[in-house]
Amino acid sequence: MRVVTAGAHGKIARRLGRLLSQRGDTAVGIIRNPEHRADLEADGVEPVVLDLEQASVEELAAVVSGADAVVFAAGGGPDSGIERKDSVDRGAAVLLADAAVAAGVRPYLLISSIGVELVAGDAPPEDMDEVFVAYLRAKLAAEEHVLSREGLSPMVIRPGSLTDDPGTGRVRLEHTTDRGEVPRDDVAAVLVALLDDPKDGTVVELLTGDTPIPEAVSALP
């Protein structure tokens, strides 16, 4: 399998790249900073330097051409402001969707966030930070574009609060769950399982749970 990941130097994305490489798949990672090349190469991932805030659909389509799937794991980062929440968390996700369609690549895994439904209306919770509101709105807009884009087979994963604890291999993968945590190890493992067993159009929340990951993915409609 050939998998292209946007935002490939992120914590989830690097775990995903290592899992794919270790089992013999071809992992291609899109990064903005050329200084991150060596890290990806050490993981067994082929780095491609491309700024998704500046790239055209055609440039990105050339990168994803021939892939079996694409994964969007990019983000503006915890220190970015409202503008970059939109340009990266929404804009780059939309760009990847359009490039995948142009290249004829259907499977698209979008890492979103639990809680996006809180900003679905015009009035978010009063005590919510405005930058976090912008982040959730960007993620929700990305979901809506990807899920409605003709030519894609989208899958949206909304992890809970992310931790660097060792993965347990057991999760809750449901359409509605409580709030909670999940190790990044297990998020990456769920992404691999969805690449192997795609669930077109699924939108699920992901938390630590009791069900082995292959069983949790297989049980999705």
Open item on the list: Looking at region 174-191 only, could you name the residues that are modelled with pLDDT of 95 or more and either open to solvent by less than 20 Å² (accessible area, probe 1.4 Å) or small (Gly, Ala, Ser) (or both)?
Closed with: 182, 183, 186, 187, 188, 189, 190, 191
- [ ] Considering each residue of region 59-77, count those that are free of Cβ contacts under 8 Å to residues at least 40 places away in the same chain and crowded, with 18+ Cβ neighbours inside 10 Å, and give that number.
- [x] 1
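Conditions tested, residue by residue: (1) open to solvent by 20 Å² or more (accessible area, probe 1.4 Å); (2) more than 14 Å from residue 149 (Cα to Cα); (3) among the aromatic types (Phe, Trp, Tyr).
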site: 92; (1), (2), (3): no, yes, no
site: 98; (1), (2), (3): yes, no, no
site: 105; (1), (2), (3): no, no, no
site: 109; (1), (2), (3): no, no, no
site: 112; (1), (2), (3): no, yes, no
site: 117; (1), (2), (3): yes, yes, no
site: 124; (1), (2), (3): yes, yes, no
site: 135; (1), (2), (3): yes, yes, yes
Task: Scan of region 43-58 for residues that are in contact (Cβ under 8 Å) with a residue 40 or more places away in the chain and surrounded by fewer than 17 Cβ atoms within 10 Å (Cβ to Cβ), ordered by number - done: 58
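Could you list all residues from region 19-42 that are open to solvent by 30 Å² or more (accessible area, probe 1.4 Å), within 17 Å of residue 195 (Cβ to Cβ) and assigned to a helix (DSSP H, G or I)?
Step one: filter region 19-42 for residues open to solvent by 30 Å² or more (accessible area, probe 1.4 Å), giving 19, 21-24, 26, 32-39, 41-42.
With the extra rule that they be within 17 Å of residue 195 (Cβ to Cβ), the set shrinks to 19, 21-24, 26.
If the condition is that a residue be open to solvent by 30 Å² or more (accessible area, probe 1.4 Å), within 17 Å of residue 195 (Cβ to Cβ) and assigned to a helix (DSSP H, G or I), then 19, 21, 22 are the ones that fit.
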TODO: Provide a single number: the residues in region 137-148 that are open to solvent by less than 20 Å² (accessible area, probe 1.4 Å) and charged (D, E, K, R).
DONE: 2
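Any residue that is open to solvent by 70 Å² or more (accessible area, probe 1.4 Å) and modelled with pLDDT of 95 or more - is there at least one of those in region 149-159? Full working, then the answer.
First, pick out the residues of region 149-159 that are open to solvent by 70 Å² or more (accessible area, probe 1.4 Å): 149-150.
Restricting the remaining residues to those that are modelled with pLDDT of 95 or more gives 149-150.
Yes, because at least one residue in region 149-159 is open to solvent by 70 Å² or more (accessible area, probe 1.4 Å) and modelled with pLDDT of 95 or more.
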TODO: Return yes when residue 215 is without any contact (Cβ under 8 Å) to a residue 12 or more places away in the chain and open to solvent by 30 Å² or more (accessible area, probe 1.4 Å) and no when it is not.
DONE: yes
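Mind counting the residues in region 1-13 that are open to solvent by 50 Å² or more (accessible area, probe 1.4 Å) and closer than 23 Å to residue 90 by Cβ? Reasoning before the result, please.
Quick first cut of region 1-13, residues open to solvent by 50 Å² or more (accessible area, probe 1.4 Å) only: 1-2, 9, 11.
From the residues that got through so far, the ones that are closer than 23 Å to residue 90 by Cβ too are 9, 11.
Counting residues in region 1-13 that are open to solvent by 50 Å² or more (accessible area, probe 1.4 Å) and closer than 23 Å to residue 90 by Cβ gives 2.
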- [ ] Determine whether region 203-218 contains at least one residue that is under 14 Å from residue 155 (Cβ atoms), under 18 Å from the mean Cα position of the chain (by Cα) and among the charged types (D, E, K, R).
- [x] yes
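Hand me the list of strands (runs of 3 or more DSSP E) wholly inside region 166-221 holding 2 or more residues that are more than 16 Å from residue 15 (Cβ to Cβ).
Values: elements: 170-174, 181-183, 202-208.
So the answer is 170-174, 202-208.
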- [ ] Considering each residue of region 177-195, count those that are among the small types (Gly, Ala, Ser) and over 15 Å from residue 27 (Cβ atoms), and give that number.
- [x] 2
Task: Residues that are touching a residue at least 60 places away in the same chain (Cβ under 8 Å) and either closer than 18 Å to residue 153 by Cβ or outside any helix (DSSP H, G or I) (or both), drawn from region 78-92 - done: none
Task: residue 82, sole failed condition from (1) under 21 Å from residue 146 (Cβ atoms); (2) modelled with pLDDT under 95 - done: (1)
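Out of curiosity, is residue 101 part of a loop (DSSP other than H, G, I, E, B) and closer than 17 Å to residue 154 by Cβ? It would help to see each step written out before you state the result.
Numbers: part of a loop (DSSP other than H, G, I, E, B): no; closer than 17 Å to residue 154 by Cβ: yes.
No, not satisfied.
The values are calculated or read from the model by the stated rules, or taken from the named source; none is laboratory data. These numbers come from a predicted model, not from an experiment. Positions of Cβ are generated from backbone atoms using ideal geometry, with glycine treated the same way; all protein chains shown enter the neighbour counts. Heavy atoms of the whole protein, side chains included, go into the accessibility calculation; ligands, DNA and RNA do not. Shrake-Rupley method; radii C 1.70, N 1.55, O 1.52, S 1.80 Å.
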